[in-house]
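> Have a look at this one before I ask anything.
Please treat every number below as a calculation from the coordinates, not as lab data. All figures in this text were calculated on a predicted structure; none of them were measured in a lab. Here the Cβ positions follow ideal geometry from the backbone for every residue, glycine too, while neighbour counts run over all protein chains shown.
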Amino acid sequence: MIIKIKSMWFVGIDVSSRKGNAVAILNKNLKLETLFTSSNADELANKIFEFTGSNAIVAIDAPRIPSKGKGWGRKCEKILAKLGYRPLWTPPKEEFKKKEKKPSCVWMEKGFLIYKELYRLFDKENIIEVYPSAAYGFFKRTVIKLDFNLFTRKNRTDELDAICSAVVAYFYYKGGFCEDYN
């Protein structure tokens, strides 16, 4: 599925439970336009929308939904594991209802909130889930223009994952990476 939008922005979000969520916004030429961090889902969604309007594909490094059924792990995570990656397994809905939550549940819940806030402002088809660790190998000859002054010292890895997620959004827009394995 190829989505046609006039002018385009590609947004990547790396969700974090401890630090703020890293956000990267690339233009249609894959130039990094801005890089910022936000801990609040509403503020994050509004800031992205202010920058891009509704003309963006937003790629989030977090699960969209809990695992279906009783076991941990969604179909996409099982496929990644078979390919040799080590995904974080998404728990079923019941795990999120517990008072004592595992750390993975905390950041995933933050991700769920980010999806919810973005769904208010963007078409659902323009918001995708990504796993940057699996995507890095696909970018062998992709040229990205980065201003290293935008990077912060303490969040550099999260910022790189946000940029990677934005590049996946670009390829999704171009017609790749659009499988849905929830």
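> Give the residues of the stretch 57-73 whose amide nitrogen is closer than 20 Å to a point set 7 Å from the Cα of residue 31 in the direction of its Cβ.
Answer for this model: 57.
> How large is ³J(HN,Hα), in whole Hz, for each residue of the stretch 68-79 in order, when computed from phi with the Karplus curve 6.51 cos²θ - 1.76 cosθ + 1.60 and θ = phi - 60°, using x for Gly and Pro?
With coefficients 6.51, -1.76 and 1.60, one gets 7, x, 9, x, 7, x, 9, 4, 4, 5, 5, 5 Hz.
> Could you calculate the FRET efficiency of residue 51 with residue 133 from 1/(1 + (r/R0)^6), where r is the beta carbon distance between them and R0 is 35 Å, rounded to 0.05?
With R0 = 35 Å, the Cβ-Cβ based efficiency is 0.85.
> If you don't mind, there's one more thing I want to ask. Output the peptides 55-64, 88-97 sorted from most to least packed, where packing is the average of other Cβ atoms within 10 Å over each peptide's residues.
Going by the mean number of other Cβ atoms within 10 Å, highest first, we get 55-64, 88-97.
> I need the chymotrypsin sites (Phe, Trp or Tyr not before Pro) found in the stretch 1-84, filtered to DSSP loop residues with at most 16 other beta carbons within 10 Å of theirs.
Here the chymotrypsin sites (Phe, Trp or Tyr not before Pro) that fit, given the DSSP loop and packing criteria, are 72.
> Placing +1 on the Cβ of each Lys and Arg and -1 on the Cβ of each Asp and Glu in the stretch 1-109, which of 16, 72, 108 has its Cα farthest towards the positive end of the resulting dipole?
72
> Dipole size in debye (nearest 20) for the stretch 9-138 around its Cα centre, Lys and Arg Cβ +1, Asp and Glu Cβ -1?
The dipole magnitude comes to about 680 debye.
> Turning to a different aspect of this structure: Would you work out the relative contact order for the stretch 1-123, in percent, from Cα pairs under 8 angstrom that are 6 or more residues apart?
Relative contact order comes out at 27 percent.
> Expressed in nm to one decimal, what extension gain is obtained for the pair residue 124 and residue 42 from 0.36 nm per residue of sequence separation less their Cα-Cα distance?
Length difference between fully extended and current span is 27.9 nm.
> In the stretch 20-102, what is the volume of the convex hull around the alpha carbon atoms, normalised per residue and reported in Å³?
Per-residue hull volume (Cα only) is 147 Å³.
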